[in-house]
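Peer 1: Quick one: the structure is below, questions incoming.
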Amino acid sequence: MKQVLIVNITRMGDLVQMGTLLSRLAQEWPGCAVDLVIDRRFAPVAALLPGLREVVTHDFHELIEESRTAAKDVVSLYREFVEWIRPLAERRYDRIINLTFNRASALLVSSIGAPDIRGARTAWDGGTVIDNPWMAYFADMHHFRRINRFNLVDIYALGGSGPGLFTPLKLTVEKADHEWARRVLSADGCERMEWIAVQAGASDVMKAWRPNHFGRTLALLSKQWSGGVVFLGAESEKETVAQVVREYQAVGGTNPIKNLTGQTTISQATALLAASRLLLTNDTGPMHLAVAVGTPVVDLSVGHVDFRETGPYGPGHWVLQPELDCAPCGFDQVCAHHACKDRLQVDQVAALLLHVLGQGPFPSDIRGFRIYQSDVDEDSLGTFRCRAGQEPAHEAWYATFWRRYWYETFTGVQSRIPLPEIPTPDVDGDRSVIESLAPAVERACAQAREIVHVATSPPLDVKKLQMLQRSLAQEKERLVTLGMGSIATRPLTVAFLRTAQGDDVEGLEAMARHQALVYEQWWARLTQVRQALGVNDDVGLNHLPMSRFVSAVVHGG
């Protein structure tokens, strides 16, 4: 029997988003045993996941805090760590999938050990390397978020297992919790009433819509829909919900309200979501809970949230995204205005809610934001289709191109996604960058091969080697600056940097060969992009899968 260990210790929503991975593992290895390592705080969520043999918990937050404050000496912490992982190491897992990208988790999975580790692990010199191209892509994609088209759910499944049929997220809720939810919603004379759920809070204020906007939207909804509103959320979100309720009542909201913020278990909240007609929410853990029990979601994607990465997975959901050049903003960005939150018009949000409830047409005259509908694409992956508003043509072209490119390169399977029309909307500018970058990278390949020759030719000429390496380092800095300047080349440049810095080789000769291989891969991939832009028409995109092309260039086929 195959055994798999998954490490996922960061966020509640990440656990729910593993659902497709669990299904894919069962398809790949029928009857395999899957164990899960999580932070103790998330045990109630893990209990809802089907297909697990064992959930292994630990207070990682406390462990990190003890390390940071030196509450325990290093030797004691190490001994406790070794003792804790011993039973896991003794199981001799066939595969470890690390979905947490930090040094602590890398050390954990390397200490447990497996012949197949996917995700972050510790290198021989104590650094962190990322195995598996999909996991590496996940680590890279924040550098080109606007043109990423892979949902985290699919990255987990593709990286942890491989391609397969579309599988929706699923959670198992006990019958007692479903009955509890029914009693709560039918109490106080509401036996026949329909309910919508609202998650107005969020773990980060950056990704939360304004409370007064929630209140006004729900009040507008109440004028045409007679159901009730149930508020969900953590204890820390009570004041936010109180603000929503005050605004709702002040502007004439009339629908019944049940405020259960901070009063439910995870399983009870999930049962309430399953009993609701829809969920209006920020990008939060409960959003994924709703998706996993089949409740339609209306997701308000503001702040640093990118719905392409973490939005509701699978068909039947809706996303609203502001039309701003800065949206979504970076994770480390401090915003002084939060203007994106005011781009979502409350009357249009209310109109969309009515449409999802079957009480009105799709909203018209959309201003300042886009509406997307979730779906499944031709490769059986989650996707979002723009239903209102306009995406920038240049970004949309490259989003489709890179979606096809990475899927084919990493899986070896030809994508069914239709090719974007050629040329690109800004073909001259893109060609200019690539015509400058590709030949320069080819010359850098020659420099890297020369370094390999010197490093492997006795006696070692140290001065010549140092001179060549300094020259290549200077050229690398120039090439990276050029490559990062265009979305036609940025994804490849980011992949080059990560691969170059994340080596796990020991010894001068091995390091030189690794460096040369990384430059060769960069050049091979740039050659493919040149062809896509019509700079070199020897091989057409319609006749040769990208994965086969890259292999031919790298291996000389």
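Each value in this text was obtained by applying a stated rule to the coordinates, not by laboratory testing. Since this is a predicted model, take the numbers as computed values, not measurements. For neighbour counting, all protein chains shown are included, and Cβ atoms are generated from backbone atoms with ideal geometry for every residue, glycine included.
Peer 1: Under the Karplus relation 6.51 cos²θ - 1.76 cosθ + 1.60, θ = phi - 60°, what is the ordered set of whole-Hz ³J(HN,Hα) values for the range 457-469, x standing for Gly and Pro?
Peer 2: 10, x, x, 5, 8, 5, 5, 5, 4, 5, 5, 5, 5
Peer 1: Provide, for the chain, the number of lysine pairs with alpha carbons under 30 Å apart, each pair being eight or more places apart or on different chains.
Peer 2: The result is 18.
Peer 1: Loop by DSSP (not H, G, I, E, B), at most 13 other beta-carbon atoms within 10 Å: where is the longest site-free stretch of the chain for chymotrypsin sites (Phe, Trp or Tyr not before Pro)?
Peer 2: The segment 332-557 is the longest one with no such site.
Peer 1: ³J(HN,Hα) across the range 95-105 via Karplus (A = 6.51, B = -1.76, C = 1.60, θ = phi - 60°), whole Hz, x for Gly/Pro?
Peer 2: 8, 10, 10, 9, 9, 10, 9, 9, 5, 5, 5
Peer 1: If a/c stays under 1.5 just call it rounded; otherwise compare a/b with b/c (prolate if a/b is bigger, oblate if not). Do that for the range 175-391, with a ≥ b ≥ c from the square roots of the Cα gyration tensor eigenvalues. Intermediate results must be reported in sequence, preceding the final value.
Peer 2: Details: a/c = 1.43, a/b = 1.33, b/c = 1.08.
Rounded shape, in that the Cα axes give a/c under 1.5.
Peer 1: Then there's this: Remind me, relative contact order of the range 3-160 in percent, using alpha carbon pairs under 8 angstrom and six or more residues apart? Walk me through the numbers before you get to the answer.
Peer 2: Numbers: 233 pairs, mean separation 38.9, N = 158.
25 percent.
Peer 1: Please compute the Kirkwood hydrodynamic radius of the range 203-250 from all pairs of different C-alpha atoms, in Å with one decimal. Write down the numbers at each step before the final one.
Peer 2: Details: mean 1/r = 0.0878 Å⁻¹.
It works out to 11.4 Å.
Peer 1: While we're here: What net charge do the residues around Tyr156 carry, taking every other residue with its C-beta under 12 Å from that of Tyr156, with Lys and Arg at +1 and Asp and Glu at -1?
Peer 2: -1
Peer 1: Quote the charge dipole size of the chain about the Cα centre in Debye, to the nearest 20; the model charges only the Cβ of Lys and Arg (+1) and of Asp and Glu (-1).
Peer 2: The dipole magnitude comes to about 420 debye.
Peer 1: Continuing with this model, one more query. Compute the separation of the alpha-carbon centres of the range 1-24 and the range 130-157 and state it in Å as a whole number.
Peer 2: Going from one Cα centre to the other spans 16 Å.
Peer 1: Here is a follow-up. Starting from the 7 Å offset along Cα-to-Cβ, what nm value, one decimal, do you get for the label separation of Met484 and Val462?
Peer 2: Spacing of the two 7 Å Cα→Cβ label points: 3.3 nm.
Peer 1: Taking every DSSP beta bridge with both residues inside the range 175-391, roughly what % is antiparallel (nearest 5)?
Peer 2: Numbers: 11 of 28 bridges.
Given both bridge residues lie in the range 175-391, the antiparallel proportion sits at roughly 40 percent.
Peer 1: Taking a ≥ b ≥ c as the square roots of the eigenvalues of the Cα gyration tensor of the range 173-238, is the shape rounded (a/c under 1.5), prolate (a/b larger than b/c) or oblate?
Peer 2: oblate
Peer 1: Considering only the range 3-160, what is the antiparallel percent among its DSSP beta bridges, to the nearest 5? Please list the in-between numbers first.
Peer 2: Details: 4 of 21 bridges.
Percent antiparallel among DSSP bridges in the range 3-160 is about 20.
Peer 1: Output the relative contact order of the range 175-391, whole-number percent, from Cα pairs under 8 angstrom with separation of 6+ residues.
Peer 2: 19
Peer 1: Ok, one more. Which of (1) 52, 34, 18; (2) 60, 27, 23; (3) 44, 30, 21 is the computed semi-axes √(5λ) of the Cα gyration tensor in Å for the structure on display?
Peer 2: Given (1) 52, 34, 18; (2) 60, 27, 23; (3) 44, 30, 21, the structure-derived one carries the label (3).
Peer 1: Further question: Relative to the Cα centre, what is the charge dipole magnitude of the range 3-160, using +1 at the beta carbon of each Lys and Arg, -1 at the beta carbon of each Asp and Glu, and rounding to the nearest 20 debye?
Peer 2: 360
Peer 1: Something else now. Roughly how many whole Å is it from the C-alpha centroid of the range 206-253 to that of the range 410-483?
Peer 2: A separation of 53 Å, based on Cα centres.
Peer 1: If you stretched the chain out fully between Arg470 and Phe362, how much longer would it get, using 0.36 nm times the residue separation minus the C-alpha to C-alpha distance?
Peer 2: Details: separation 108, 0.36 × 108 = 38.88 nm, distance 6.04 nm.
Length gained between Arg470 and Phe362: 32.8 nm.
Peer 1: Using a 7 Å offset from Cα along Cα-Cβ at Val55, what residues in the range 263-283 end up with backbone N under 12 Å from the label point?
Peer 2: 266-268
Peer 1: Report the antiparallel proportion of the DSSP beta bridges in the chain as a percent, rounded to a multiple of 5.
Peer 2: Antiparallel bridges: around 30 percent, rounded to the nearest 5.
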